[in-house]
Amino acid sequence: MFDIFKKKKYRDLAIINHKKYLNSKYTKRIFFENFLDKKIAIKLSKSFPSHNSKNWDYKTYKNNNKNIKRFIDDERKFPKPIREFMREVNSRQFILFLEALTGINGLIADPYFMGGGIHSVSKGGFLKIHTDFNWHHKLQLHRRINVLFYLTQNWKKKYDGALQFRTPKN
């Protein structure tokens, strides 16, 4: 186990950024660069399956909103370091971090990784702006927060593919 989120760094990060999160316009959101210690991020990145790996659930999408997206949502198929990390993200410590950051009490992690898990989009692939589901039919709960970790090393802006949020029109 990594024991990442027991560190004081994350408690302080949540407290310091709570108002920034609450004051974000339209969609509550916040971005953290270098959120994980570099050694952990590199370990996760190196263990991430290549896009052509046989481990992917080949539920490859190809429509107007998605192209060439592969994913794994069964933790038994995650590489061991990623499985351990995902368990940390579902841990009490990380949930407490999210509750302190967002002010939302009583959060429950998704052990099914519905719409989550690990994802890969190959060169030329895309995932257009969309709205994620907000009702988790398996847990019978509202989905309140999405957390994304980008693990691509040496990413360059020229690759495009930046995360974007659409501002609602009045």
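Scanning the stretch 36-48 for residues that are in a loop (DSSP other than H, G, I, E, B) and open to solvent by less than 50 Å² (accessible area, probe 1.4 Å) returns a single hit, LEU36.
Counting the residues of the stretch 118-170 that are open to solvent by less than 80 Å² (accessible area, probe 1.4 Å), of a type in the set (Ser, Thr, Tyr) and either out of contact with any Lys or Arg (no Cβ under 8 Å at 6 or more places or on another chain) or not in a loop (DSSP other than H, G, I, E, B) (or both) gives 2.
Yes/no matrix, rows are residues, columns are (1) open to solvent by less than 50 Å² (accessible area, probe 1.4 Å); (2) closer than 23 Å to LEU163 by Cα; (3) over 19 Å from the mean Cα position of the chain (by Cα):
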{"residue": "ILE4", "(1), (2), (3)": "yes, no, no"}
{"residue": "ASN17", "(1), (2), (3)": "yes, yes, no"}
{"residue": "ASN23", "(1), (2), (3)": "no, yes, yes"}
{"residue": "TYR26", "(1), (2), (3)": "no, yes, yes"}
{"residue": "ASN34", "(1), (2), (3)": "no, yes, no"}
{"residue": "SER50", "(1), (2), (3)": "no, yes, no"}
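Look at (1) open to solvent by 80 Å² or more (accessible area, probe 1.4 Å); (2) without any contact (Cβ under 8 Å) to a residue 24 or more places away in the chain; (3) not in a helix (DSSP H, G or I) and you find that ALA109 fails only one, number (1).
The values are calculated or read from the model by the stated rules, or taken from the named source; none is laboratory data. Everything numeric in this text was worked out from a predicted model, so none of it was measured. Heads up, the Cβs are rebuilt from the backbone with ideal geometry, glycines too, and the neighbour counts pull from every protein chain shown. With ligands, DNA and RNA removed, areas are computed over all heavy atoms of the protein, side chains included. Shrake-Rupley method; radii C 1.70, N 1.55, O 1.52, S 1.80 Å.
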